[in-house]
Structure formats: C-alpha cells, structure tokens
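Visitor: Could you have a look at this structure, given as structure tokens, before my questions?
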Amino acid sequence: MAKFYVTTPIYYVNDEPHLGHAYTTVLADVLARYHRLMGDEVVFLTGTDEHGQKVQQAAEKRGVDPQTHCDELSPRFAAVWEKLGISHDFYIRTTMDDHAAVVRRILAQLWDASEIYDAEYEGWYDVSEERFYTEKELVDGKSPVGNEVTFIREKNYFFRMGKYQQQLIDHIEANPDFIVPKKRANEVLGFLRQPLGDLCISRPKERLNWGIPLPFDEDYVCYVWFDALLNYYSGLEFGFEPSRGEFWPADLHLIGKDILTTHAVYWPTMLMGAGLALPKTILAHGWWMFGEQKMSKSKGNVVKPLDTMDLYGRDILRYFLMREMTPGSDSNFSQDLIVERNNTELANDLGNGLNRVTKLVEKHFEGRLPAPGESEALEETLIAAAAASAEGVQREIGDFHPNGAIREAMELSREVNRYLEQRAPWKSIKEDREATGRTLYHAAEALRIVGVLLQPVMPEKCGELLSRLGRPAEPVDFVESARWGVLEEGSPVNSGEPLFPRFETEE
Ligand code: MSP
C-alpha cells in the first residue's frame, strides 16, 4: 500500500471563496478519492491562510479585529467545500495555536543554526504582494505587477535562501517531476539564473502585528508566506492523532501558477535549511478565464461556485472543472460551456446508454439483469475497450491528469453506445431473447465500469449509476474497474429519472 499526501494552497481570508479556489480544491479532492479507491493511504490537507497585511487590512476595513474576521471568513470556505463534496482529512487554519508552535519551533531552530540572521534592510515594499523589491526590479516606479510601492528602511531578519541556489537548481534538473508542467520548471530555472538573494522573513510589529511573533525577537512577527508554507508540514504533526509525520514529504502540492516562486523557490530552500525532505511534485495549474481576463475579485467578474452548483448540481460542476482544464493550461469558464459538456458528454454519451439499458431490462426482463451468455467478437471488443479505459484512467491519474482520466472513461461510454447500435437490442428482443439478454448484460457491465472510473469525479451521480445497476452506491475498490463480470445475473436494475438531464442554454 502506498501513501499519498496531497495539499491545496491555504486560501487568504481577505476574500470570499471563488471558482479559482474551488478548482484547486476539487482537483485535490478528485486525486485523493482516486488514490483512496486504489487502496492508497491518503492525507489530503486544505485550509486558510489568516495572517499578514492583507487579512489585517480586510479586518480593519470591516471594523472588526483580525481574529474575529478570520473566525467568520474561514468557515465560509469550509462550507463551500462541504457543498462541493470535498473530502479533506484536516482543515488547517494558520491562527491555530498548534500551527504557531510549529512555526516558532522551526524559526528557533533556523536561528540557532544561523540559517536566519538580522540586518539593516532597505527596499521598496509592495503591500498587496507583501514583499520587497529592489530599485532595479521596479517598472516605472511600481512593482513588476503594477502595484504601488513604498520605500522602507528597517532592521529585519533574513533566511539564508541564497546559499541554496545551486542545490535547488541541481534538484530541479535531476528531478523532472519536481515541478510540473515542464514549462513551469523552466520558468523557475530561468528565475534562478539571476543571483538568488536572502529572504526577509520578519515584519516589525509597529508596521504589522497580525502574525506569529518571532521566538528570538518578540518585536517582530513572521512574514506571512514563511508562516503559511509551513502549514504543509505542521498540519501532519498536529492535525492528526497520532500525528502523521510519516506522510512527509508531500507527494503533491497543488498551486496556481501565480504562486509558483513562493512554492518552488522559497519553500524548498526553507526545507533545505530545516533539513527536511523536499516535496515530490509541485503542480502549478493555469487560470480560469472569463473571456480573456483572469477571474479576480478586483475586476468584479467572480463566479461563485455556489451559484453554478445551485444551477447545475455539484457533480456537474466538478465534472466540468476537471474535464475542461488540462492542469497547466488556462481554460475558459462559462455557463454555456458547462451546458455543452453536460449535454454532449453526460446526457448523450453516458446518460442515454444507461437509460436505454436499464429501461430495456425493466421492460423485457422484469428489472432483473439477464445472463451474460457467450460473448462473440463484438462483446470481446467491448471487454477489451473496458480494460483499456481502466488502464488509461490509472495512467492519467498517475500523471495528475483527471481530464485525461475522464476522456478515457467517457471513451468507454461511447463504446457502449456503438455496441448498442450494432446489437440493437430494441430490435433483437423480438426474435432472440437470450442474445438480447447478453447484449444488455455486456452494456450494463461496461457502464458499471464507467461508473467506477468516474466515481472520484462525480461521487453522487456515479453512486446512483452503480445502484441502478444493482451495485452498492458506496465507493468500491478500484480493481473492480479492471474486472469483467462483477454484475450478477438476476440482480435488480432500475431506470429511474434521467441521471443526467439536459440543460437549455441561456439564449
Ligand atoms: N494564501 C496564499 C497561498 C498560500 S499557500 C501556502 C494565496 N491565497 S489565495 O487565496 O490568494 O489564492 C489561492 C489560489 O487560488 C492560488 O493558487 C491561485 O492561483 C488560485 N486562483 C485565484 N484565482 C484563480 C483563477 N482565476 N483561476 C485558477 N486559480 C486561481 O495565494
């Protein structure tokens, strides 16, 4: 049995949860569910990032103290995850005392080892990104991303990040799976061609007090990213009883491409400094776009996942998010696209096949699955297609590509329809009841396999699909997808309402 430790970024509580957050969280959930089904021991961690200037400012704006603000906002994320069927094992909040204790312990360890030092510092500070820029890095007097900056001179504490530059380059080059997709690894290597400076890890309390106090200087709080990144480590330690330290390092950190540097440069060097193993894979996905714009709150074009969930249902949204985006590339989001995927793939390909088979079994076989009979060439083709799909799904999930896994599974559902067209059980029933029974058995069995293969993506819908074919709706072992002949002759089959209704587009 293998272990699989997967994380999402922890989300800032300066904002309501939106589709960008939901995507990463569903992606992590789907991968976690696949691994559980495959018999792996899984730890899936998500949560909220609650310190730092952004959160402090958001609280000030509302006229509440930061802790009250966090206590109100963090559960809103958790509530959305519950509605989306997210199966995380621990929900971490960086304002938890146990997290702060781990952060302070590691800071003290780094300070004692002289991995952290203090120095007078000056530079241009970008409040919104919470980081310093050098004069040279500014573009027209603003940060490279166009934010206002202010000049600041003060004593601060620094982590010796620069000394790990070559070690990090070597690690990236020796481990092609460390940062995926490859273009992101190249981006990081490009960034590392410039000398890597040390990382300012403190903020004087007089400027910012909403953070974890440094154990060696209580006049300072810890830089929010240094605190936040450590959640991946601290969560294993205090989020479980007994602690799950043996899951370290993470198998997969899922992030958006905008937080690549913090995860692929700061984080690994922090781990090197602390003598901890590096994560196996950091996967940076692209952005959901509306038209050509990245969805963001400031642009006011945020689609709340809850809204589309209420319109189409949780599993349809999960399916769409996983199907539409190839992790790594940007994707467009629109309601029309959801409707189109639903109608062509779920309603037509999968729903119709299921409907035909279950209706015919009800009508001609008293709702009891007929006998498998002897298979001929057409059946053998279908059985081979099922085996190929199951294998394909396993391979794609190994590559962290649920979109590829869905493609493989849906290919099988189209194969079922081709098979049904060829065997035409609605006609053959008039002359050969036994052969018709065989057709329906084979089609049902292939649909069962589609149900198992897609269960991590659409847990509810696939549970319902399986139960209509006489199987338990609860997740079954993934090996059942690679096994032919699991459905038993005589087991109850029912058609019910269409499992995947068609939706009309807006216009
Ligand atoms: N708090 C930090 C992460 C700390 S992890 C140790 C943070 N939080 S965030 O709430 O601003 O963003 C979290 C994630 O949402 C990022 O991975 C970001 O890429 C993702 N998304 C925000 N908008 C997005 C889209 N429009 N599309 C896809 N994901 C995007 O950063």
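Visitor: Eigenvalues of the Cα gyration tensor times 5, then square-rooted: what semi-axes does that give for the stretch 1-152, in whole angstrom, largest first?
Guide: Semi-axes (√(5λ), whole Å): 32, 21, 17.
Visitor: Same structure again: Between Q109 and R368, what length comes free when the chain is fully extended (0.36 nm per residue of separation minus the Cα-Cα distance, one decimal in nm)?
Guide: 86.6 nm
Visitor: Could you tell me what percent of the accessible area of the chain is made up of carbon and sulfur, with a 1.4 Å probe and every protein chain present? Please report the intermediate quantities before stating the final value.
Guide: Working: 10060 of 21050 Å².
On the chain, the fraction of accessible area on carbon and sulfur atoms equals 48 percent.
Visitor: Based on the Cβ-Cβ distance of A377 and A424, what FRET efficiency does E = 1/(1 + (r/R0)^6) give at R0 = 25 Å, to the nearest 0.05?
Guide: That gives a FRET efficiency of 0.95.
Visitor: Report the full-extension gain for the segment N175 to R433: residue separation times 0.36 nm, less the Cα-Cα distance, to one decimal in nm.
Guide: This chain segment gains 87.0 nm when fully extended.
Visitor: Additional query: What is the diffusion coefficient of the stretch 334-482 in µm²/s, taking the Kirkwood radius over Cα pairs and the Stokes-Einstein relation at 20 °C with a viscosity of 1.002 mPa s? Could the numbers behind the result be given before it?
Guide: Numbers: Rh = 15.6 Å.
Reported coefficient: 137 µm²/s.
Visitor: Per-residue counts of other Cβ atoms within 10 Å, averaged by peptide: what ranking do you get for 124-136, 339-351, highest first?
Guide: Per-residue Cβ counts within 10 Å, averaged per peptide and sorted highest first, yield 339-351, 124-136.
Visitor: Which one of V13, N348, H285 is farthest out on the positive end of the charge dipole of the chain, using unit charges on Cβ (Lys, Arg +1; Asp, Glu -1) and the Cα centre as origin?
Guide: Final value for the positive-end residue is N348.
Visitor: Please report the orientation-averaged projected area of the stretch 408-507, defined via the convex hull of its C-alpha atoms, in nm².
Guide: Orientation-averaged projected area of the Cα hull: 8.0 nm².
Visitor: What value in Å³ per residue do you get for the convex hull of the alpha-carbon atoms in the stretch 99-151?
Guide: Convex hull volume per residue, Cα atoms: 106 Å³.
Visitor: Once Lys and Arg get +1 and Asp and Glu get -1 on their Cβ, which of I383, V457, T439 lies farthest toward the positive end of the dipole of the stretch 334-482?
Guide: T439
Visitor: Ok, one more. Counting pairs of Cα atoms in the stretch 311-377, how many percent are more than 14 Å apart? Can you show the working numbers first?
Guide: On the way: 1536 of 2211 pairs.
When every Cα pair of the stretch 311-377 is considered, 69 percent fall beyond 14 Å.
Visitor: Please turn the phi angles of the stretch 117-128 into ³J(HN,Hα) values with the Karplus equation 6.51 cos²θ - 1.76 cosθ + 1.60 (θ = phi - 60°), one per residue in order, whole Hz, x for glycine and proline.
Guide: 9, 10, 7, 6, 9, 9, x, 9, 9, 9, 4, 6
Visitor: On to the next question. At q = 0.11, 0.18, 0.23 Å⁻¹, what base-10 log of I(q)/I(0) does the Debye formula yield for the stretch 195-264 when every alpha carbon is treated as an equal point scatterer in vacuo?
Guide: -0.38, -0.89, -1.06
Visitor: With every protein chain kept in place and ligands, DNA and RNA left out, what is the accessible area per residue of the chain? Probe 1.4 Å, answer in Å².
Guide: 42
Visitor: Still on this structure: Determine the dipole magnitude for the stretch 334-482: charges of +1 sit on the beta-carbon of Lys and Arg, -1 on that of Asp and Glu, nothing else is charged, the reference point is the Cα centre, and the result goes in debye to the nearest 20.
Guide: Charge dipole, the stretch 334-482, about its Cα centre: 520 debye, nearest 20.
Visitor: To the nearest 0.05, how large is the calculated FRET efficiency for K359 and V139 if R₀ is 60 Å and r is the Cβ-Cβ distance?
Guide: The value I calculate is 0.40.
Visitor: Also, I was wondering about something else. I want the antiparallel fraction of DSSP beta bridges within the chain, as a percent rounded to 5.
Guide: Antiparallel: roughly 50 percent of the beta bridges in the chain.
Visitor: Something else now. Run the dipole for the stretch 301-361 about the Cα centre, Lys and Arg Cβ at +1, Asp and Glu Cβ at -1, nothing else charged, and hand back the magnitude in debye, nearest 20.
Guide: 300
Visitor: Tell me, in nm to one decimal, what length is gained between Q67 and L337 on full extension, where the rule is 0.36 nm per residue of separation less the Cα-Cα distance?
Guide: On the way: separation 270, 0.36 × 270 = 97.20 nm, distance 3.96 nm.
Extra length available between Q67 and L337 comes to 93.2 nm.
Visitor: In square nanometres, what is one fourth of the surface area of the convex hull spanned by the alpha carbons of the stretch 157-285?
Guide: 8.6
Visitor: For the residue pair R407 and R207, what label-to-label distance in nm results when each label sits 7 Å from Cα along the Cα-to-beta-carbon direction?
Guide: 4.8
Visitor: Same structure, new question: Helix 433-454: angle to the longest alpha-carbon principal axis of the chain, degrees 0 to 90, nearest 10?
Guide: Once rounded, one gets 0 degrees.
Visitor: If you average 1/r over every pair of different alpha-carbon atoms in the chain and take one over that average, what Kirkwood value in Å do you get?
Guide: After inverting the mean inverse Cα-Cα distance, the result is 24.9 Å.
The values are calculated or read from the model by the stated rules, or taken from the named source; none is laboratory data. As the structure is a prediction and not an experimental result, all values here were calculated from the model. As a convention, Cβ positions derive from the backbone with ideal geometry for all residues, glycine included, and neighbour counts pool all protein chains shown. SASA here: full protein model, heavy atoms, side chains in, ligands and nucleic acids out. Shrake-Rupley method; radii C 1.70, N 1.55, O 1.52, S 1.80 Å.
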